[in-house]
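Just below is one structure, and these are the notes that go with it.
The values are calculated or read from the model by the stated rules, or taken from the named source; none is laboratory data. Just so it is clear, the structure is predicted and the values come from calculations on it, not from any experiment. Here Cβ is always computed from backbone atoms with ideal geometry, including for glycine, and neighbour counts include all displayed protein chains.
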Amino acid sequence: MAGHATLFLADLPNPAIRIERTLNTIESSFTGGHAVMSFNDLRLPADAVLGEIGKGFRYAQVRLAPARLSHCMRWLGSANRAQDIATDYARTREAFGKKLGEHEGVSFMLADNAMDIHLARLAIWHTAWVLDQGQRASNESSMSKVICSEAIARVADRSLQILGGLGITRDTVVERIFRDTRAFRIYDGPSEVHRWALGARIVGGKM
Ligand SMILES: Cc1cc2nc3c(=O)[nH]c(=O)nc-3n(C[C@H](O)[C@H](O)[C@H](O)COP(=O)(O)OP(=O)(O)OC[C@H]3O[C@@H](n4cnc5c(N)ncnc54)[C@H](O)[C@@H]3O)c2cc1C
């Protein structure tokens, strides 16, 4: 079916499949990075096709909700790590006559982090529960993706801030979490596109 996506498997190396270049990206969490690929005159046997010809997009859609949720889970772990590192620092570092964490400006950031982490965890749990009921969880996974990517980015940002100059070095993993979580608000659909899709369903009476 011309113009419709098809999923297939192909052994590598194959002269018809080329990696044109590997992109330099803000994040570093995917092994091997992200590549621009080209496919030219690729010939495959019929049994290389996964499922049916022309249904690739539909198959890919099925994995969207669980895949989004696994991104949310991974980044929730990163947020917890950033919060732990920031908390250790706030408990031990002294500034202006007392521990950093005894300054309200810092303890409030730790409290806001705890609330964002809690919110993200509850959104993940609820979406996982809806998926467990056998539903597609399109709305829930969209909401969770936006809630988690934005909440976790706030946690990374505050944690880096608490670490001061140390935060912008690569001496802790918080700098990397900050960069990686920025990309999370773009891939698997930017926040605006999820809001747009949710808004359209609300206005159309489907949600
Ligand atoms: C390195 C890399 C890795 C990726 N990995 C994945 C992945 O693992 N899984 C995956 O699904 N995708 C992945 N993507 C693709 C990613 O989901 C897209 O880049 C993203 O959906 C945005 O599409 P676009 O880049 O074409 O931006 P554009 O469509 O050009 O949009 C640019 C910006 O415009 C705004 N915008 C777009 N549409 C609307 C709208 N309807 N309403 C309001 N604002 C809007 C948003 O702010 C958006 O960020 C990856 C992309 C890159 C570069």
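The figures follow:
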{"read-out": "Hits in region 157-198 (condition: of a type in the set (Gly, Ala, Ser) and more than 13 Å from the chain's Cα centre (by Cα))", "value": "Ser159, Gly164, Gly165, Gly167, Ala197"}
{"read-out": "Out of Ile177, Ile168, sole residue that is surrounded by 19 or more Cβ atoms within 10 Å (Cβ to Cβ), modelled with pLDDT of 95 or more and more than 16 Å from the ligand (Cβ to nearest atom)", "value": "Ile177"}
{"read-out": "Scan of region 184-207 for residues that are surrounded by fewer than 19 Cβ atoms within 10 Å (Cβ to Cβ) and not in a loop (DSSP other than H, G, I, E, B), ordered by number", "value": "Ser191, Glu192, Val193, Arg195, Trp196, Ala197, Leu198, Gly199, Ala200, Arg201, Ile202, Val203"}
{"read-out": "Any hit, region 128-146, residues being of a type outside the set (Asp, Glu) and within 24 Å of Asp171 (Cα to Cα)", "value": "no"}
{"read-out": "Scan of region 42-61 for residues that are within 16 Å of the ligand (Cβ to nearest atom) and either in contact (Cβ under 8 Å) with a residue 12 or more places away in the chain or surrounded by 13 or more Cβ atoms within 10 Å (Cβ to Cβ) (or both), ordered by number", "value": "Gly56, Phe57, Arg58, Tyr59, Ala60"}
{"read-out": "Test result for Ile162, farther than 22 Å from His194 by Cα, in contact with a Phe, Trp or Tyr (Cβ under 7 Å, 6 or more places away or on another chain) and of a type in the set (A, V, I, L, M, F, W, C)", "value": "yes"}
{"read-out": "Filtered residues of region 1-41 (kept if farther than 21 Å from Arg63 by Cβ, within 16 Å of the ligand (Cβ to nearest atom) and not in a loop (DSSP other than H, G, I, E, B))", "value": "Ile19, Glu20, Arg21, Thr22, Val36"}
{"read-out": "Residue list for region 115-155, restricted to those being buried (at least 16 other Cβ atoms within 10 Å of the Cβ) and part of a loop (DSSP other than H, G, I, E, B)", "value": "Ala137"}
